[in-house]
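All remarks here apply to the structure that follows.
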Amino acid sequence: ALWFPDHVANIDRQLMLVAPYNAVFFKDRLLVQRLNALTDAPVYYLPEACNPAWHRSSERTAVDPVILVAGNLSPSRALLLERLHREGIPLRLHSSGWPRWFKGRSVQSLPVLPEVHREEKARSFRRAAAVLNNLHPAEMNGVNCRLFEAAGCGAVVLAESRPVLRECFEPDSEVLDFATFDELMDRIRYALEESNAATTIGDAAAARAHSE
């Protein structure tokens, strides 16, 4: 079996479809539907998950009034962060750094902290007011691993919406979903202003991530 845990832009030449696997799993339901409709390839839908040994945190510390962003500062994410920065949203960035082509933007005045992993990631996610999880534009009808990691850590996840999101987590009670910039701003304000109420969302997300 093969499990391909990435968005469709990285599927390249699709060679896994003609390799002698008994099963090929993708995390994008639309991709699987299209392949099943026209081929007899053994293709199945399988979303990702948290690692229950790493992505958990029972710490109940004071909430840091920041929106945490961890991972690759891709073009679409960088542009979103620039827009949030212009709106005065307090951002905390954990990454390997800005790409060389991204220059002259006000958001680059913010410090970029080292990447976080395992238990340190869990503590950082849990402590932030919310973790921003915007998706790669090539996520057609799938969600990424960060959604499950942050949920498992008990974070309040700002989750970019896709139809399959509701199959994994319940919006409003387990994650704060958004589809537009205005919706994202509303969700961010709620997470920053109602931190105690928002923390219960993180607790519910962790329970779902670890049970399923």
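Quick look at the values:
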item: One residue from 138, 122, 159 being over 17 Å from residue 81 (Cα atoms), open to solvent by less than 10 Å² (accessible area, probe 1.4 Å), in contact (Cβ under 8 Å) with a residue 12 or more places away in the chain and of a type in the set (A, V, I, L, M, F, W, C); result: 122
item: Among (1) in contact with a Gly (Cβ under 9 Å, 6 or more places away or on another chain); (2) open to solvent by 10 Å² or more (accessible area, probe 1.4 Å) - the single one residue 99 does not satisfy; result: (1)
item: Criterion: crowded, with 16+ Cβ neighbours inside 10 Å, within 23 Å of the chain's Cα centre (by Cα) and at pLDDT 95 or above - qualifying residue of 68, 2; result: 68
item: Matching residues in segment 51-97 - criterion: being part of a helix (DSSP H, G or I) and in contact (Cβ under 8 Å) with a residue 12 or more places away in the chain; result: 75, 76, 77, 78, 80, 81, 82, 83, 84, 85, 86
item: Only listed residue being at pLDDT 95 or above, exposed (fewer than 15 other Cβ atoms within 10 Å of the Cβ) and of a type in the set (A, V, I, L, M), chosen from 113, 132; result: 113
item: Test: residue in segment 20-43 that is in contact with a helix residue (DSSP H, G or I) (Cβ under 6 Å, 6 or more places away or on another chain), of a type in the set (Gly, Ala, Ser) and within 30 Å of residue 202 (Cα to Cα); result: no
item: Candidate set from segment 7-30 (those that are over 21 Å from the mean Cα position of the chain (by Cα) and among the charged types (D, E, K, R)); member that is most open to solvent (accessible area, probe 1.4 Å); result: 13
item: Flag for residue 55 being touching a Cys at 6+ places or on another chain (Cβ under 6 Å), closer than 26 Å to residue 118 by Cα and surrounded by 15 or more Cβ atoms within 10 Å (Cβ to Cβ); result: yes
item: Checking residue 130 against (1) out of contact with any strand residue (DSSP E or B) (no Cβ under 6 Å at 6 or more places or on another chain); (2) under 21 Å from residue 203 (Cβ atoms), the condition it does not meet; result: (1)
item: Conditions (1) farther than 18 Å from residue 182 by Cα; (2) without any contact (Cβ under 8 Å) to a residue 12 or more places away in the chain; (3) under 18 Å from the mean Cα position of the chain (by Cα); number of the one not met by residue 104; result: (3)
item: Among residues of segment 1-22, those that are in a loop (DSSP other than H, G, I, E, B), of a type in the set (A, V, I, L, M, F, W, C) and under 19 Å from residue 48 (Cα atoms), counted; result: 2
item: Residues satisfying the stated conditions in segment 31-50, i.e. open to solvent by less than 50 Å² (accessible area, probe 1.4 Å) and either assigned to a loop (DSSP other than H, G, I, E, B) or in contact (Cβ under 8 Å) with a residue 60 or more places away in the chain (or both); result: 31, 41, 42, 47, 48, 50
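The values are calculated or read from the model by the stated rules, or taken from the named source; none is laboratory data. Quantities reported herein were computed from a predicted structural model and do not represent experimental measurements. Cβ coordinates were reconstructed from backbone atoms using ideal geometry, including for glycine residues, and neighbour counts include every protein chain displayed. Protein only, heavy atoms only, side chains kept; ligands, DNA and RNA dropped before computing areas. Shrake-Rupley method; radii C 1.70, N 1.55, O 1.52, S 1.80 Å.
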